Every structure is written in C-alpha cells, then in structure tokens.
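The values are calculated or read from the model by the stated rules, or taken from the named source; none is laboratory data. Everything numeric in this text was worked out from a predicted model, so none of it was measured. In this analysis, Cβ positions are derived from the backbone assuming ideal geometry, glycine residues included, and neighbour counts consider all displayed protein chains. We work out accessible area using only protein heavy atoms, side chains counted, and drop any ligands, DNA or RNA first. Shrake-Rupley method; radii C 1.70, N 1.55, O 1.52, S 1.80 Å.
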Amino acid sequence: MAAPLKAVDGNADRTSDLLALMSDLATRARAAARVLALAPPEQKNRALEAMERAIRNKAAAILAANAEDVAAAKANGISPAFLDRLTLSEKSIEQMAAGVEQVAALEDPVGRISERATRPTGIEVARMRVPLGVVGIVYEARPNVTVDAAGLTLKAGNAVLLRGSSNAEQSNIALVKVLREVLADNDFPADAVQLLPCHDRASVHHLITARGLVDLVIPRGGAGLISAVVQQATVPTIETGVGNCHVYVDRSADLEMAHRILINSKTRRPSVCNAAETVLVHQDVAEPFVPEAVRQLKAHGVTVHGDKRAAELADVVPAVDADWDTEYLSLDIAMRVVDSLDEAVEHIGEHGSGHTEAIVSDDVRAAREFVARVDAAAVMVNAATSFTDGGEMGLGAEIGISTQKLHARGPMGLAELTSTKWVVWGDGHVRASS
C-alpha cells in the first residue's frame, strides 16, 4: 500500500493553519467556478488568446524561474528523466503557448446538446454538457502541466487548483502569475487558477479529501503518487499517466517500418508516459529483426534487456522478471521473442498498464484481432506509441492520459473536463399514476 500523503510532524497549529488555508483556497475556487460556468465562449476565447500572447511575451521571466528550479534539481541529484520533464526551453514555451492557442480554436463543449428525443408522453429529453466545477491537479515536475491545465479548465468552465512539486516551484509561480494577471484583465476572477502550497505533503491530503469543495482530482506523476492519491482520496479521481507501453512486431510486419516505429516510440522522448518500454517480436521474424533492432537502439544510447531467445540473436543485457513490469522512463527497453500473436496479447495483458499498445503488421486480420483483444486506452496499428497525445489526436492540449475506464479514457481534452445533465422540457406534463 502507498505511504500516506498526510504529513505527520507533531505541529498541530501548523496542520490547522494549512487546513484552513486549503479550505479558503478551495472555497474561492468554487466561487470562481460559478462565474466561469456561465461565461460565454467569446469571453473565454479572448482570455485564452491573451494567455497565449502573455506566455510568449513573458518567456524570458519564465525561463529564468525555470533555470532556478533546474539548478536546484541538479544540485539535489535528480534523475535525468525527472530533469527532462522539469526543464523548459524556448521551444517548450512556444509549445505551451501554441497549445493554449489550439484550445481557444476548439468548439466550446459547455452547453452542447446531445441525445435529444421526444418521448411518447410528449416531453422532450436532452443531455447537456456542463462544467465539472473545481478540478484539482496533483503533478510532479512538468511546468507545462500548469499551462495546459489552466487553459483546458478555463475553456471547459472550471476553476483549477494546482498542486505542483516543490522541484518546479519557481517555474509554477512564474507561470501562475502570468495566468492570473490575464484572467483579471479579461474580467474573470483570478482565483479560477490557484497554486497550492507545495512544501508540505499534507496539502495534497487536504486537496484530495476536500469533498464538497473539490469536484475532481487528477494525479499526474509516478506510479507511487498516482497510487497514493487514488487510494486515499475521498474526492472522485481519474487515474492517469503510468505507461508500460509495448510495440509488438508481428510475423507479417514490414521490418524497416517496424524498426522506424520502435526507434521513435522509444527514443523520441524516453521520459514521457507514451514511450515504449517493451518490444515483443514474433519468432518468425526474430532472426532478421532482433539484431538490427538492437544495433539501432544501441546507436541511440538504449540499453536492451532481452530474454533468452533475444540474447541468442544479439548482444543484450539478460532480462529479469522485473523488466517486464518496469516503466523505465529512460534509455532502456525490454525485448522478448514470442511464439504468436496470442502470446504477445497475453504478455501485454499480464504486464501492461492500460496506456498505449502498438502492433506492426501487414496482416489486417491480425491487426484487427490485436485491436479487439488488447485492453488499453489507445491502440496503434503501424504507428508509434508517441501518437498518444491530445494535440496529435486533435484535442489541443491535454490534462493527461487516463488509464481508467470510467468517465474518461485516453487523452483528456475539453469534453473529458465536463459532465452532463439531463434537461427535460414539457408543457404542463405530469406523469400518470402507476
């Protein structure tokens, strides 16, 4: 079981003060959410466009703040994968701004009507999409989440409470300052975006147990953080992020294509959740595929942890049982030779995390069988796992990749940050006695 998130420091006064502060912040967020819920799309879009401009205009200040966080992280011996997620650049600032710009261009989901029908009684029934209210985000590093979350929640009519990690404190402070100034300048309550205290783990506990003040919590980070939030929250949560993703090379695969997909899936950005962590190879193509795959992976700095059959074909590090369940988030990958598509699917079912799975195959029937049988939020056919991304799938920015099955699954864009209500129109209708 995950370690409790609530800090135990023996300081009752401090704990009481933090609880009062968190309650106040959540109460202000709820008041802001009521304003946002009624805001017209034009006003929200103007604010988003202003956010996009402000992020670009304040890039120097944001990067300076991020440099402080990065320097401190390096001094503390943070892992390369964590450092990669923490570090901002001019390119990533531009990507953040472009993501907000894309969200502004998307259709507003709030108020959208679906499933309209007239019942035999004469009443008209419809389902209307509505904001969730107050959304809490708990995340590690990744300052880009601050902007993605603010932009998406605003467009969806929600207020957001951001609980980032202390490692990204200066970056998040700089970004939230920009966002709140834009909100105030566009006649929105600045409290629609708030940054929570990040130096006491009790602030996470207070956020995830603020039932009645917070409507949804989304944890983004490592498996330990996500597990702890999901297990201890009394506020509804959506599980996101952990990605033990596989690439399966089928017996009919175009091997040149398979090498290209594997390299992109693993090396494009190893520290993100859609990076491939295991490659499964059908035995019929193992002899030509494995040696070249290992050669190309090594050329990109990747250490290959191979099973006995892979080791017979190439120079690999002997795999151990733990490798099949590891989300490396680094330049490491596990490799296994399998007898059949059935064995590949069984391996994924036992070791996968429900995030993204890929098949490389020229056999349409095999691809369709893989798609039907693999239980994951996203399944790729002849495409890299790196395409599991809100922007790539046309959602603009995203809050995260949901790996659970209720309410939202896969990239969480605008629609996933809303709920629905039933609306019934009548003309004096009353229900007949039973």
How large is the accessible surface per residue of segment 44-167, computed with a 1.4 Å probe and reported in Å² as a whole number?
41
So for V70, V317, what's the accessible-area order with a 1.4 Å probe, most first?
V317, V70
Counting only protein heavy atoms and leaving out ligands, DNA and RNA, the solvent-accessible surface of E350 at a 1.4 Å probe, in Å² to the nearest 10, equals 140
For segment 150-201, what number results from the quotient of the Cα radius of gyration and 2.2 N^0.38 Å?
1.14
Within the set L406, L25, L195, GNM on the chain using Cα springs under 10 Å gives the largest fluctuation to L406
For the chain, the longest principal axis of the Cα atoms and the Cα long axis of helix 59-75 enclose an angle in degrees, to the nearest 10, of 60
Rounded to the nearest 10 Å², the 1.4 Å probe accessible area of V242 is 40
So, how do all the Cα-to-Cα distances of segment 103-202 break down into 10 Å bins, in percent, from 0 on up?
14, 38, 24, 13, 8, 3
Most mobile of D321, D375, D24 in a GNM of the chain (Cα contacts under 10 Å)
D321
Can you match percent of Cα pairs over 37 Å apart to one of these, [x] 24; [y] 32; [z] 18, based on a calculation from the structure here?
[y]
When you take every Cα atom in segment 390-434, what is the radius of gyration, and what is Dmax, the widest Cα pair distance, in Å?
17.9, 53
Going Cα to Cα from K266, which lysines come in below 22 Å? Please leave out same-chain ones fewer than 8 positions away.
K91, K298, K308
Express the accessible area of segment 197-326 per residue in Å², computed with a 1.4 Å probe while the remaining protein chains stay in the model.
40
With each run of n ≥ 4 DSSP H residues scored as -39500 (n - 2.57), what mean residue ellipticity at 222 nm is computed for the chain after dividing by its residue count and rounding to the nearest 500 deg cm²/dmol?
-13500 deg cm²/dmol
For D284, the net charge from surrounding residues (Cβ-Cβ under 11 Å; K, R +1; D, E -1) works out to -2
Mind ranking S361, S433 by accessible surface for me, highest first, 1.4 Å probe?
S433, S361
Net length gained if the chain between Q231 and D375 were fully extended (0.36 nm per residue, minus Cα distance):
49.6 nm
Net charge near V360 (other residues with Cβ under 12 Å of its Cβ; Lys, Arg +1; Asp, Glu -1) is -4
By the C-alpha gyration tensor axes a ≥ b ≥ c (rounded if a/c is under 1.5, else prolate when a/b exceeds b/c, else oblate), the shape of segment 250-333 is oblate
Sort T118, T278 by heavy-atom solvent-accessible area, probe 1.4 angstrom, most to least.
T118, T278
Protein accessible area in the chain, 1.4 Å probe - carbon and sulfur %
51
To the nearest 10 Å², what's W422's accessible area with a 1.4 Å probe?
140
Which of the lysines could a cross-linker span from K421 if the Cα-Cα distance has to be under 28 Å and same-chain partners fewer than 8 positions apart are dropped?
K44, K155, K405
Could you compute Rg(Cα) / (2.2 N^0.38 Å) for segment 279-434, with N its residue count?
1.43
Collect residues whose amide H, placed 1.01 Å from N in the peptide plane, falls under 5 Å from the amide H of Y248; neighbours closer than 5 in sequence don't count.
L280, A358, I359, V360
What is the distance, in nm, between label points placed 7 Å from the Cα along the Cα-to-Cβ direction at L255 and at N382?
1.9
Return one number: the angle in degrees, 0 to 90 and rounded to the nearest 10, between the long axis of the Cα atoms of helix 341-351 and the longest principal axis of the Cα atoms of the chain.
50
When the convex hull of the Cα atoms of segment 293-384 is projected onto a plane and the area is averaged over all directions, what value comes out in nm²?
6.2
Counting each pair of different Cα atoms once, what's the Kirkwood radius of segment 202-347 in Å, rounded to one decimal?
16.7
For S114 and R269 in the same chain, what is the full-extension length gain: residue separation times 0.36 nm, less their Cα-Cα distance, in nm?
52.0 nm
Which lysines, on any chain, are close to K177 with Cα under 16 Å apart, when same-chain ones fewer than 8 places away are left out?
K58
Computed E for A64/A98 - FRET, C-beta separation, R0 30 angstrom, nearest 0.05
0.90
In degrees, nearest 10, the alpha-carbon axis of helix 12-37 is tilted away from the dominant principal axis of the alpha carbons of the chain by 80
With labels modelled as points extended 7 Å from the Cα through the Cβ direction, what inter-label distance (nm, one decimal) is found for D185 paired with A432?
6.2
Near the amide H of V337, under 5 Å away, which other amide H atoms are found, from residues 5 or more places off or on another chain, if H is placed in the peptide plane?
V281, D307, R309, A310
